Amino acid sequence: MTTPFWCLVAVIFIPIALAAVGGQFRSKAFGSADNKNPRAQATQLSDAGARAYAAQENAWEAAIMFSVAVITTHLAGLAPSEAAPFTIAFVVLRVVHGISYIRDIDKVRSLSFLLGLVCMIALFVKAA
C-alpha cells in the first residue's frame, strides 16, 4: 500500500480512538459506560467528555472527505510521492485537532481544521 492509503487507514482509526476516549469519560462521569444506550449517555456529558464526542463526530466527517480526496488522487494517477506530504500532514493535523478539541484549545483546533482542509483541497488540485 502507498503512503496516502496508509494515511487513510490512520484517519479512519482516529474517530475509533476518540470513541474510546469518550467511553473513558462516560465511565468516569457515570461509574460505567452504558453499552446499551451509549449515545444517550454521551449527551449527558459536559466539558471534556462532551468535546471528546464532538471531536469523534468531526473526525468521522473529516474521514469521509479525506477518503474521497485520497481515492481521487489515486484514480487520477497522481504519484503517491506527490500526495504523501499532504496526506501525512492531514493525519498529524487531525490528531492535533482531536487533542485540542478535548482540551478546549479552540484556536489550535480551528487552525488544525483549516490546515487539514487546505491539505484536502491541495490533493484535489494536484489530481486535476
- Note on the structure: Going residue by residue through the range 93-106, the Karplus relation 6.51 cos²θ - 1.76 cosθ + 1.60 with θ = phi - 60° gives ³J(HN,Hα) values, rounded to whole Hz and with x marking Gly or Pro, of 5, 5, 5, 4, 4, x, 5, 5, 5, 5, 7, 6, 9, 5
- Which FRET efficiency, nearest 0.05, do residue 105 and residue 76 yield, Cβ-Cβ r, R0 30 Å? 0.25
- Message: Under the 0.36 nm per residue contour assumption, what length would be gained going from the current alpha-carbon distance of residue 30 and residue 6 to full extension?
- Response: 5.0 nm
- Taking r as the C-beta separation of residue 16 and residue 44 and R0 as 35 Å, the FRET efficiency to the nearest 0.05 is 0.95
- In nm, the gap between the two label points placed 7 Å beyond Cα toward Cβ at residue 67 and residue 37 is 2.9 nm
- Can you run phi through the Karplus equation (6.51, -1.76, 1.60; θ = phi - 60°) for the range 26-33 and list ³J(HN,Hα) in whole Hz, with x for Gly and Pro? 5, 4, 5, 6, 10, x, 6, 8
- Task: Please identify every one of the GluC sites (Glu not before Pro) in the range 10-111 that sits in a loop by DSSP and has no more than 10 other beta carbons within 10 Å of its own beta carbon.
- Result: none
- Item | Estimated 222 nm signal from helices in the chain, with DSSP H stretches of n ≥ 4 weighted -39500 (n - 2.57), rounded to 500 | -29500 deg cm²/dmol
- Note on the structure: Log10 I(q)/I(0) at q = 0.20, 0.21 Å⁻¹ for the chain, from Debye over equal alpha-carbon scatterers, is -1.00, -1.06
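Throughout, read-outs are computed from the coordinates displayed, never taken from laboratory work. Note that the coordinates shown come from a computational prediction; the quantities given were computed from them, not determined experimentally. Reconstructed Cβ throughout: ideal geometry from the backbone, glycine too, with neighbour counts over all protein chains shown.
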